[in-house]
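Step one of this worksheet: look at the structure below.
Every read-out reported here was derived from the displayed coordinates using simple, explicitly stated rules and does not represent laboratory data. Since this is a predicted model, take the numbers as computed values, not measurements. Quick reminder, even Gly has a Cβ in these numbers, built from the backbone with ideal geometry, and neighbours come from all protein chains shown.
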Amino acid sequence: MEASLTPEERKQVDAFAEQIDVTNTAAILNYGVGTQKKLADFSQKTIDNVRTSDVGEVGEMLTGLVTQLKSFDIEEDEKGLRALFRKQVNKAEALKAKYSKVETNVTAVQTELEKHQVQLLKDVDVLDRMYDLNLGYFKELTMYIAAGKKKLSEIREGQLRELEAKAQQSGLAEDAQAARDLAAQCTRFEKKLYDLELTRTIAMQTAPQIRMVQASDTEMAEKIQSTIVNTIPLWKNQMVIAIGLEHSTRAARAEREVNDMTNQLFMKNADALKTAATASAKESERGIVDIETLKHTNETLISAMDEILQIQTEGKQKRQEAEGELANIEAQLKDKLLEAARR
């Protein structure tokens, strides 16, 4: 324990140890109590500082700011009836209006963040002083404990042994009681030192806790600083670029539409010219009567003549057959008449 003390502090411990009287019950009861009380009050202040810290609120504000920035969607694609009316509105003007609304919210958040940043930096400074105070209390307790243990060791190794030896030699009850009283006083003092050691442990644990809170405040202040000098200006620049790009996009779109219309007209005129020229060439090369028509007419005439000849041949044959039949009928009729006449 004394290894952490400076030579000057060790001298103070030795001098203070000489003044300790373990037989003084009131003095032992109040030994180191002043430092313990100061540390207890200090610990309460530390807790209050942590409770009132607005780091959580700052975190929520930063989260809200990110939500605001994300809400500005340059590529937002609206559909339905709203899109129908939206087409009638200049998109660049819509972007400006939306940007203006979000910028108002962002500016309000930025103002609040700047206030919190100032408060956080003040808290960091206060925590630095609190850390130094805690370190001072830790040193005081260390010196109280070191002086107490030194005195306790001296009494047990010296005066207490002498009283125990005297009681053994004399065998007197008062000598034995004196040794027991001193031993009990040493025990009570030892318990008091143990109590101071517990308080010293609290001081030792408080130190890293202060640094943790301080680091959290410092980190949050740095995040606010980065947001103010980097994130928000970059977002504003992005919005300006987006609006400028929208103007360029509209101009390029208009030029593209004109070029597309020109190309379509050229293509339609070329197609119409091709159709007209082809039709004209075909008509100019075509005869009064198509060869296909003449061929079809000739084939039809030949077919008709073949059919007529076939009909005439069949008719002649049928007439010849009919003439033979008529001759037979006439002969049979004559024979039948002659037979009737003879009767």
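Take peptides 216-228, 106-118, 135-147 and line them up by average Cβ neighbours within 10 Å, highest first, as a rough protection proxy.
On the way: 216-228: 17.3, 106-118: 15.5, 135-147: 20.4.
So the peptides 216-228, 106-118, 135-147, ranked by packing, come out 135-147, 216-228, 106-118.
Quick one: if the Förster radius is 45 Å, what FRET efficiency do I228 and M204 give, using the C-beta to C-beta distance and rounding to 0.05?
Values: r = 38 Å, r/R0 = 0.84.
Between I228 and M204 the formula returns 0.75.
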Percent of C-alpha pairs per 5 Å bin, region 132-183, short to long: 5, 20, 17, 14, 10, 9, 8, 7, 5, 3, 2, 0
Mean Cβ count within 10 Å, highest first, over the residues of peptides 298-305, 202-209: 202-209, 298-305
Estimated vicinal HN-Hα couplings, Hz - region 216-226 in sequence order (Karplus 6.51, -1.76, 1.60; Gly, Pro = x): 5, 5, 5, 4, 5, 4, 5, 5, 4, 4, 5
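Report the far tail of the P(r) of region 106-248, meaning the percent of Cα-Cα pairs longer than 21 Å.
Working: 6859 of 10153 pairs.
In whole percent, the long-distance tail amounts to 68.
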P(r) of region 164-212 over all Cα-Cα pairs, binned every 5 Å from zero, in whole percent: 5, 19, 13, 12, 10, 9, 8, 7, 6, 5, 4, 2, 0
Projected label distance in nm at L333 and K115, using a 7 Å step from Cα toward the beta-carbon: 14.3 nm
